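Engineer: After the C-alpha cells below, expect a handful of questions from me.
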Amino acid sequence: MKNTTKRNVIALVVAGLASLATAQTTPAPAAPAPPEFGPAHGTLMIIGGGSKSEALLSRFVAMAGGPDASILLVPTAQGGDDRIYYWEDLQDLRQAGARNVKVLHTRDRKVADSEAFVAPIKQAMGVFFMGGRQWRLADAYLNTRTHTELRALLDRGGIIAGTSAGASIQASFLVRGESTETQVGNTMIGDHTEGMGFLKGVAIDQHVLKRNRQFDLIPVIEAHPDLLGIAIDEDTAIIVRRDRFEVAGASYVLIYDHSRMVSKGGQFYFLAPGDTLNLKTREAQRPQPTGAPIDRVIKQPWKK
C-alpha cells in the first residue's frame, strides 16, 4: 500500500513538472499586426459636414470618455479668430454632454511647435476639428509638435473627430487644398495635397450628395489609383478603428476603388449607416438585404 502511494506521488510530481515545462516552452500569443491604414489604438470620427447631429456629437463625447473628459475644439479652418467663429460649435459640444471643452487655436507654426501650446493635448482624450478651409489646418499644424501630440493622443486610446474640412485633413492625401481660392474650394488637387495622415492611403471628400459632389473624387483617383476615395455626405460619419470603419448617421458614404470599379465598369458605390468596410481588403459588409439602394453602382466607365 505504501509503495502504491509513493508511486502515485512520484507520478503526480512528474506530471506537474511536465506541465510546467510545457507552459514555459509554449510561445505567448502573437501580438496583432499593426494596422496599415487606421490608428493602432485610438479612434477617428470623420464627419461629412452639415449640422453635426447631436447623436454623432454625443457618440464622440462618449468615446472620448464621457461628459467629464478633456476635449479640445480646433477652429483653425475658419476664416477668423474671434469667438463668434466657433461659439456655435462650442455650444453644440456642450449640448451633446461635454462639460470640459477648451479651444485650441493658432495660425503661427512656431506657436504650434511649442511645448506650451501642446500641453492641453497631452491632457485631452478628444479633439474636434471644425469645418472651413482645410489648407488652413495644414499651414498651421502639419508636421509640428501639435501634429506629433495628436498622434500620441490616438496612441493612448483617444479620439480625433472632424467635420467638413476637419474631415478631409485627417486623410493622407488632402483634397480641395487650393489656398488661392477665396470661397468653396472647387479645385480637387490644389497647392496643398498632404493631410495629417491619421487615416493613410485615402482621400476624403465631404458634403458629397448635399452639394452634388459625387463625381468630384474621380479625377483624384484617376491621378492616384492606389488611393481609396471616401466621400461622406452631411450628418454622416465614418468611425475608424485600426483597418476598419463603420458608417454612422443619416445618409451615405461613397467609395471610389479604382481597381475594382474599373473591372466592374462603375465609378463608385454606396455604404449606408451600419455598413462597414475593411480597409485592407476593401471588402464591404452590409447588413441590409441584397437589392437595397446602397448596392447600386454608378455604371459610367472610368475615363481612359
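The values are calculated or read from the model by the stated rules, or taken from the named source; none is laboratory data. Quick caveat: nothing in here was measured; it's all calculated off a predicted structure. Note that each Cβ is placed from the backbone with ideal geometry, even for glycine, and that neighbours are counted across all protein chains shown.
Engineer: Residue check, ASP205 against (1) at pLDDT below 95; (2) touching a Leu at 6+ places or on another chain (Cβ under 7 Å), all met but one. Which one?
Structural biologist: Looking at each condition in turn, ASP205 falls short on (1).
Engineer: Please report, ordered by residue number, the helices (runs of 4 or more DSSP H) entirely within the stretch 101-184 with at least 3 residues that are buried (at least 19 other Cβ atoms within 10 Å of the Cβ), at pLDDT 95 or above and touching a helix residue (DSSP H, G or I) at 6+ places or on another chain (Cβ under 7 Å).
Structural biologist: Here the list reads 115-123, 134-141, 145-155.
Engineer: I'd like to verify a number: residues in the stretch 186-212 that are in a loop (DSSP other than H, G, I, E, B) and closer than 13 Å to LEU137 by Cβ, how many?
Structural biologist: Going through the stretch 186-212 one residue at a time, the tally reaches 5.
Engineer: Within the stretch 206-220, track down each residue that is within 19 Å of the chain's Cα centre (by Cα) and closer than 22 Å to LEU279 by Cβ.
Structural biologist: Residues satisfying the conditions are GLN206, VAL208, LEU217.
Engineer: For the stretch 32-86, name all the residues that are among the β-branched types (Val, Ile, Thr) and either closer than 30 Å to THR281 by Cα or at pLDDT 95 or above (or both).
Structural biologist: Answer for the stretch 32-86, where residues must be among the β-branched types (Val, Ile, Thr) and either closer than 30 Å to THR281 by Cα or at pLDDT 95 or above (or both): THR43, ILE46, ILE47, VAL61, ILE71, VAL74, THR76.
Engineer: LYS6: farther than 30 Å from LYS280 by Cβ and either modelled with pLDDT under 95 or basic (Lys, Arg) (or both), yes or no?
Structural biologist: yes
Engineer: Checking GLY80 against (1) surrounded by fewer than 19 Cβ atoms within 10 Å (Cβ to Cβ); (2) part of a loop (DSSP other than H, G, I, E, B); (3) touching a residue at least 12 places away in the same chain (Cβ under 8 Å); (4) small (Gly, Ala, Ser), only one condition comes out false. Which one?
Structural biologist: It fails just one condition, (3).
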